[in-house]
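Enquirer: Structure below; questions to follow.
The values are calculated or read from the model by the stated rules, or taken from the named source; none is laboratory data. These numbers come from a predicted model, not from an experiment. For neighbour counting, all protein chains shown are included, and Cβ atoms are generated from backbone atoms with ideal geometry for every residue, glycine included. The accessibility values were calculated without ligands, DNA or RNA, using every heavy atom of the protein model including side chains. Shrake-Rupley method; radii C 1.70, N 1.55, O 1.52, S 1.80 Å.
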Amino acid sequence: MTSPATGRDTGPADAAREALAPPAPHRGRAFRGMVAKRLAFIPLALFAVITISFLLVSIMPGDPALAILGSTASEREVAKVRGELGLDRSLSERYITYVGDVLQGDFGRSFFTGQPIRDEIVKYLPASIELVVMALAVASLVGITIGTAAGYFRGRAPDRTVRVAIAGLEAIPGFLAGLLLIFFLFFLWRLAPPPTGRLGIIDVYPPPVTRFLLVDLILAGDWNGLRSALHRSMLPVLTLALGAIPLFAKITRTTVGNAMGSKQIQYARACGLSEWRVVQYALLQARTPILTYTAMLFGAMVGGSAIIETIFSWQGLGQWGLKAIVALDIPAIQGFVIVTGLFTMLVYLVLDLVVAALDPRIRHG
Amino acid sequence: MNRTSGFCARASVSALLSVGILLSASALVAAQDLSPVPIIKAVPSVPQQLDHQTKYEGETSSFIANEQASSLLQFDVAELENGGCGQMPNVQTNLRPNLAESWSVDPDGKFIEFKLRKGVKSSFGNEMTAEDVKWSLDRGLKQSSVLRFLAFDMNSYRKDDPIEIVDPHTIRVHLDQKTIFDLVIFHWSQFQIFDSTEVRKHATEEDPLALAWLAKNSADFGPWVITEESFVPGTRVMLTPNPNYWDAANRGNGNSLVVLGVPESATRSQLLRSGEIDFAALLPFEEYADLKGSDTIDVVNCVSAARDTLLLNYKDERLANPLVRQAISLAIDRDAIAQGVFKGFGKPAVTGIHADYGIEGLKPYIAHDVEKARKLMAEAGYPEGFSIKLTISPTRPGSHAEQEAVFLADMLRQIGITAEIELVASGSTFSERFFKGEYDAMLYLELPAFADPFYSLNLMNHGSSFQNSFKYANARYDELVTEGLHLKAEDKERRQAILVELSEIMAENPPQVYLIDTGIPLARSKKVSGWEFQLHNGGNITAYKLKKTQ
């Protein structure tokens, strides 16, 4: 089937959608309204995240002053530091000050490094984004491919094989997969570099321009460094991707499998389209759920890949946040919670907009 | 062939052989290539910042701080067995000058005078003066609660301005009273000497001690330099040589020291096995046992003053009963723990004093006798036993805590005590629980800053010590420990007599249930030689002296 306007193939579902769609000006208004609603929701949700992060950290057991000073500090010294940290003030007083500071972009300073939390986040967040983007790229490529194969051959050998593989991958926790990959691919077979960070042990990091290491290496023209960084990304990316592959595979298998038995696909086949084109149409139906899961995973992984970042010394936000939690570095924990919360909200906003742009049913409620 | 020609022939063969041997030897030397290479050590975590005076992160900081070696004194471990690994140094007699050239103690015990080494320069080219030393020591005492504790509580430094500049190369440290730890504090890594000229350039009105700059940079008189570019907080740090280092003659061939944070012990072990690193710190005991079979790795178990111990809180009247305390001690099979948990890298405790001190005349009183333990429980009025909570944390004594606690719970069950294991994951929470005495029983690690029995006996069990959170109280014990703290190095007989009496007191009513005298296992590459073991600095290596073959 070919669209006369574009000359490209269009599916039967698209044709039906186009026929039922409202006129263009109305479409624009509806889309803008939806964007406005979503944007209006952000401050409210952000306020909730700030409040939750403040309260959660405030009720955590342990005295930060004692954690900072150590066991040999006198009671007077502990009291002094508690005063300096503002811990001697009431919860409500601290909350008001905290919200005021955060709204001005001031997350405070780390109890342990003394560095502004905002700077630390700017330093560590890009590494996590790079890791997650690479992992999701690998996971989506592999997951969608095997999911499509399983959906197309539903109930047959390829489907059974994929289901067994998915079950196997789901059964292995991420950190264990990481350790096993290190053991086999680095230690036994020497196929991967050691898990000692993003560059070689004595390699020099490029000047931080964007803070995205791969981009900075390109900007610095350090091609050996880039090769080294990509090589060292192999294991952590694979480890993180292994956890996401089952999700992509399952959602694709279900959607493609259902689509293959739908009337649209029967019609497409009756029109004499090639099997390859038929699969493409079936896959098109999976794009919205795949996008939704991609965004959900993206939001969850940026803060949630702490263990994997730690195992591979990735120097990302998750590893930084985990250290902050263990050390009871309250401003860092609060900053971590707010940034990951805000990041997730922004990703969901973008997701809503993209999905709405792709699917008029959502655009019109 | 006549006699002469035979002789000539033999001489020729000998000459040829000699040349051959010489050539082979040269080839061997060439094979042991000592060209500059990085020395790499993997540790569980690198500190978040480098100002060890302001924020000392315990063991994590020690991995860097000890290598910086910018202290007035050091231990002369070269004099000790196996580079200090096989013999405990004496806190009074095994010290050697480092940045100080010499020292003397006032006969009335009112001050210690240090003559500073001349010509000692930082990497910035500034020569060390008494001004640097005073500025650094004053800074340390202002910033570090540990140093204040060591100087004013454990020792008796004059509270008001104890550091005096006598001349540009002489300082005095004023004392109220002499103790056995007066001098040893000056080898402590937190008492490092800064290049104050350089540091002050980075000070501001709001930050007069340059905390922000020193958190990411070094400026001292030690063998290494750290810059902001080479430091990734929490992850890794690369130390490069101080080009002006005063002791360059003893320098090894390490052109840098890389300290990598590798949280997973299995990965640290694999890195060492694969030859990627030269030293792996703090592996589990099973890993050390496994590595013993390796051709490329040397595993040694060094002397230590640390002990795993079971604290029983006197606030609980059941646990305050001396018969119950003795019963608990008797119920524990320390041999089983030493083999099962420590894999031989620890010895069963036999007295109240760590065996590695080698104190003579101590009567072993710690034994394993379950029948006797049951009788003591009945005698104490608890024939059916009771329940307690056993608080543990993997942060102290270490990753083996859970396994050791399971062993203990199983052993205590035999005398009717049900120990419910309570795991506290956070180190700071565990520490807080310890200091506030919020536990029934706690598995703990006694890890003295200075390896001398009086340090531990005073800090852990003295009635007035803040670490005696289990509230042991014995006036005679306190009296003896206080006397021991002020003995002179030559009072050897009195020292031994005091320790023997203390051990007898501890046998009657154990302040703690001592479990295992731990060793310090080290795993290191055989390609590297010249290891020194600075026990008092946390059992670290001294990397600047190492020689590594390619």
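Enquirer: Please enumerate the residues belonging to segment B:361-386 that are part of a loop (DSSP other than H, G, I, E, B) and either on the phi > 0 side of the Ramachandran plot or among the β-branched types (V, I, T) (or both).
Expert: Narrowing segment B:361-386 to residues part of a loop (DSSP other than H, G, I, E, B): B:361-369, B:380-386.
Across segment B:361-386, the qualifying residues are B:G361, B:I366, B:G381, B:G385.
Enquirer: Check off (1) on the phi < 0 side of the Ramachandran plot; (2) touching a residue at least 24 places away in the same chain (Cβ under 8 Å); (3) surrounded by 22 or more Cβ atoms within 10 Å (Cβ to Cβ) for A:G321 and give me the number that stays unchecked.
Expert: So the condition that A:G321 fails would be (2).
Table: residues versus (1) assigned to a helix (DSSP H, G or I); (2) at pLDDT 90 or above; (3) among the acidic types (D, E); (4) under 23 Å from B:N98 (Cα atoms).
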| residue | (1), (2), (3), (4) |
| --- | --- |
| B:V166 | no, yes, no, yes |
| B:V173 | no, yes, no, yes |
| B:I185 | yes, yes, no, yes |
| B:E198 | yes, yes, yes, yes |
| B:T204 | no, yes, no, no |
| B:P208 | no, yes, no, no |
| B:W213 | yes, yes, no, no |
| B:K216 | no, yes, no, no |
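Enquirer: If you check B:L147 against the conditions, is it within 14 Å of chain A (Cβ to nearest Cβ) and closer than 24 Å to B:S465 by Cα?
Expert: Values: within 14 Å of chain A (Cβ to nearest Cβ): yes; closer than 24 Å to B:S465 by Cα: yes.
Answer is yes for this residue.
For every residue, the table says whether it meets (1) among the hydroxyl-bearing types (S, T, Y); (2) within 14 Å of another protein chain (Cβ to nearest Cβ); (3) in contact with a strand residue (DSSP E or B) (Cβ under 6 Å, 6 or more places away or on another chain).
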residue: A:T145; (1), (2), (3): yes, no, no
residue: A:G151; (1), (2), (3): no, no, no
residue: A:A157; (1), (2), (3): no, no, no
residue: A:G168; (1), (2), (3): no, no, no
residue: A:A171; (1), (2), (3): no, no, no
residue: A:L176; (1), (2), (3): no, yes, no
residue: A:L179; (1), (2), (3): no, yes, no
residue: A:F187; (1), (2), (3): no, yes, no
residue: A:R190; (1), (2), (3): no, yes, no
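Enquirer: Go through (1) without any contact (Cβ under 8 Å) to a residue 12 or more places away in the chain; (2) open to solvent by less than 40 Å² (accessible area, probe 1.4 Å); (3) more than 14 Å from every other protein chain (Cβ to nearest Cβ); (4) not aliphatic (A, V, I, L, M) and name the single condition B:D207 misses.
Expert: (3)
Enquirer: Go over the candidates A:R118, A:R190 one by one and state the one that is surrounded by fewer than 21 Cβ atoms within 10 Å (Cβ to Cβ) and part of a helix (DSSP H, G or I).
Expert: Working: A:R190 fails: part of a helix (DSSP H, G or I).
Being surrounded by fewer than 21 Cβ atoms within 10 Å (Cβ to Cβ) and part of a helix (DSSP H, G or I) holds for just one of A:R118, A:R190, which is A:R118.
Enquirer: Inside segment A:324-365, can you point out the residues that are open to solvent by 20 Å² or more (accessible area, probe 1.4 Å) and not in a helix (DSSP H, G or I)?
Expert: Selection gives A:H364, A:G365.
Enquirer: Out of segment A:145-180, which residues are among the aliphatic types (A, V, I, L, M) and over 22 Å from the mean Cα position of the chain (by Cα)? So that I can check it myself, show each step before the final result.
Expert: Filtering segment A:145-180 down to residues among the aliphatic types (A, V, I, L, M) leaves A:146, A:149-150, A:157, A:162, A:164-167, A:169, A:171-172, A:176-177, A:179-180.
Answer for segment A:145-180, where residues must be among the aliphatic types (A, V, I, L, M) and over 22 Å from the mean Cα position of the chain (by Cα): A:A149, A:A150, A:A157, A:V162, A:V164, A:A165, A:A167, A:L180.
Enquirer: Looking only at segment B:443-479, count every residue that is more than 14 Å from chain A (Cβ to nearest Cβ) and modelled with pLDDT of 90 or more and tell me the total.
Expert: Keep residues of segment B:443-479 that are more than 14 Å from chain A (Cβ to nearest Cβ), which gives B:443, B:451-454, B:456-457, B:461-463, B:470-479.
Filter again for modelled with pLDDT of 90 or more, leaving B:443, B:452-454, B:456-457, B:461-463, B:470-479.
Total meeting the criteria: 19.
Enquirer: Does any residue of segment B:63-84 turn out to be open to solvent by 50 Å² or more (accessible area, probe 1.4 Å), within 14 Å of another protein chain (Cβ to nearest Cβ) and of a type outside the set (G, A, S)? Step through it out loud before you land on a result.
Expert: Residues of segment B:63-84 open to solvent by 50 Å² or more (accessible area, probe 1.4 Å): B:78-79, B:81-82.
If we keep only those that are within 14 Å of another protein chain (Cβ to nearest Cβ) too, we end up with none.
Among the residues of segment B:63-84, not one is open to solvent by 50 Å² or more (accessible area, probe 1.4 Å), within 14 Å of another protein chain (Cβ to nearest Cβ) and of a type outside the set (G, A, S), which makes the answer no.
Enquirer: Can you pull out every residue in segment B:321-335 that is within 30 Å of the chain's Cα centre (by Cα) and in a loop (DSSP other than H, G, I, E, B)?
Expert: B:I332, B:D333
Enquirer: In addition: Exactly one condition in (1) outside the structural domain of A:V339 (by TED's automatic domain parsing); (2) touching a helix residue (DSSP H, G or I) at 6+ places or on another chain (Cβ under 6 Å); (3) under 30 Å from A:I307 (Cα atoms) is false for A:L56; which is it?
Expert: For A:L56, the failing item is (2).
Enquirer: Take the residues of segment B:301-357 that are out of contact with any His (no Cβ under 8 Å at 6 or more places or on another chain) and of a type in the set (V, I, T): which is nearest to B:G84 (Cα to Cα)?
Expert: Result: B:V303.
Enquirer: Residues being assigned to a helix (DSSP H, G or I), more than 15 Å from B:D308 (Cβ to Cβ) and touching a Phe, Trp or Tyr at 6+ places or on another chain (Cβ under 8 Å): count how many of those fall in segment B:405-443.
Expert: So the answer is 2.
Enquirer: Still on this structure, please answer the following. Give me the pairs, please: first residue somewhere in segment B:428-441 and closer than 13 Å to B:K315 by Cβ and away from chain A (no Cβ under 11 Å), second residue anywhere and assigned to a loop (DSSP other than H, G, I, E, B) and hydroxyl-bearing (S, T, Y), beta-carbon distance under 6 Å, and either six or more positions apart or on two chains.
Expert: So the pair list comes out as B:G437/B:S469.
Enquirer: Return yes when B:S294 is in contact with a Leu (Cβ under 9 Å, 6 or more places away or on another chain), within 14 Å of chain A (Cβ to nearest Cβ) and either modelled with pLDDT of 95 or more or open to solvent by less than 20 Å² (accessible area, probe 1.4 Å) (or both) and no when it is not.
Expert: Numbers: in contact with a Leu (Cβ under 9 Å, 6 or more places away or on another chain): yes; within 14 Å of chain A (Cβ to nearest Cβ): yes; either modelled with pLDDT of 95 or more or open to solvent by less than 20 Å² (accessible area, probe 1.4 Å) (or both): no.
Here the answer is no, as B:S294 does not meet what is asked.
Enquirer: For segment B:235-320, which fully contained strands (runs of 3 or more DSSP E) count at least 1 residues that are over 18 Å from B:S525 (Cβ atoms)?
Expert: B:236-241, B:254-261, B:307-312
Enquirer: Related question: In segment B:104-161, which residues are aromatic (F, W, Y) and under 14 Å from B:F191 (Cβ atoms)?
Expert: From segment B:104-161, those aromatic (F, W, Y) are B:111, B:114, B:124, B:135, B:149, B:152, B:157; that's our starting set.
Of everything in segment B:104-161, those that are aromatic (F, W, Y) and under 14 Å from B:F191 (Cβ atoms) turn out to be B:F114, B:W135, B:F149, B:F152, B:Y157.
Enquirer: Which residue is modelled with the highest pLDDT, if the candidates are limited to segment B:105-136 and must be within 19 Å of B:Q177 (Cβ to Cβ) and open to solvent by 80 Å² or more (accessible area, probe 1.4 Å)?
Expert: Among them, the one singled out is B:K110.
Enquirer: Can you tell which of A:G86, A:G62 is assigned to a loop (DSSP other than H, G, I, E, B), touching a Lys or Arg at 6+ places or on another chain (Cβ under 8 Å) and not assigned by TED's automatic domain parsing to the domain that holds A:A327? If you could, list the steps in order and put the result at the bottom.
Expert: Details: A:G62 fails: touching a Lys or Arg at 6+ places or on another chain (Cβ under 8 Å).
None of the other options fit; the residue is A:G86.
Enquirer: Tell me yes or no: at least one residue of segment B:256-272 is open to solvent by 10 Å² or more (accessible area, probe 1.4 Å), within 12 Å of another protein chain (Cβ to nearest Cβ) and of a type in the set (A, V, I, L, M).
Expert: yes
Enquirer: Step by step: first the residues of segment B:215-236, then only those that are open to solvent by 10 Å² or more (accessible area, probe 1.4 Å) and charged (D, E, K, R), then the one that is farthest from the other protein chains (Cβ to nearest Cβ). Which residue is that?
Expert: Among residues in segment B:215-236 that are open to solvent by 10 Å² or more (accessible area, probe 1.4 Å) and charged (D, E, K, R), the one farthest from the other protein chains (Cβ to nearest Cβ) is B:E228.
Enquirer: Within the bounds of segment A:194-208, is there any residue that is basic (K, R), outside any helix (DSSP H, G or I) and either open to solvent by 10 Å² or more (accessible area, probe 1.4 Å) or within 14 Å of chain B (Cβ to nearest Cβ) (or both)? Lay out the reasoning, then the answer.
Expert: Of segment A:194-208, the ones basic (K, R) are A:198.
Restricting the remaining residues to those that are outside any helix (DSSP H, G or I) gives A:198.
Next, from what is left, pick out any that are either open to solvent by 10 Å² or more (accessible area, probe 1.4 Å) or within 14 Å of chain B (Cβ to nearest Cβ) (or both): A:198.
The answer is yes; a qualifying residue exists.
Enquirer: Do you know which residues across segment A:57-110 are open to solvent by 50 Å² or more (accessible area, probe 1.4 Å), within 13 Å of another protein chain (Cβ to nearest Cβ) and under 27 Å from the mean Cα position of the chain (by Cα)?
Expert: Of everything in segment A:57-110, those that are open to solvent by 50 Å² or more (accessible area, probe 1.4 Å), within 13 Å of another protein chain (Cβ to nearest Cβ) and under 27 Å from the mean Cα position of the chain (by Cα) turn out to be A:M60, A:R109.
Enquirer: Could we say that B:S465 is under 26 Å from B:E432 (Cα atoms), within 25 Å of the chain's Cα centre (by Cα) and without any contact (Cβ under 8 Å) to a residue 12 or more places away in the chain here?
Expert: Details: under 26 Å from B:E432 (Cα atoms): yes; within 25 Å of the chain's Cα centre (by Cα): yes; without any contact (Cβ under 8 Å) to a residue 12 or more places away in the chain: yes.
So B:S465 passes the test.
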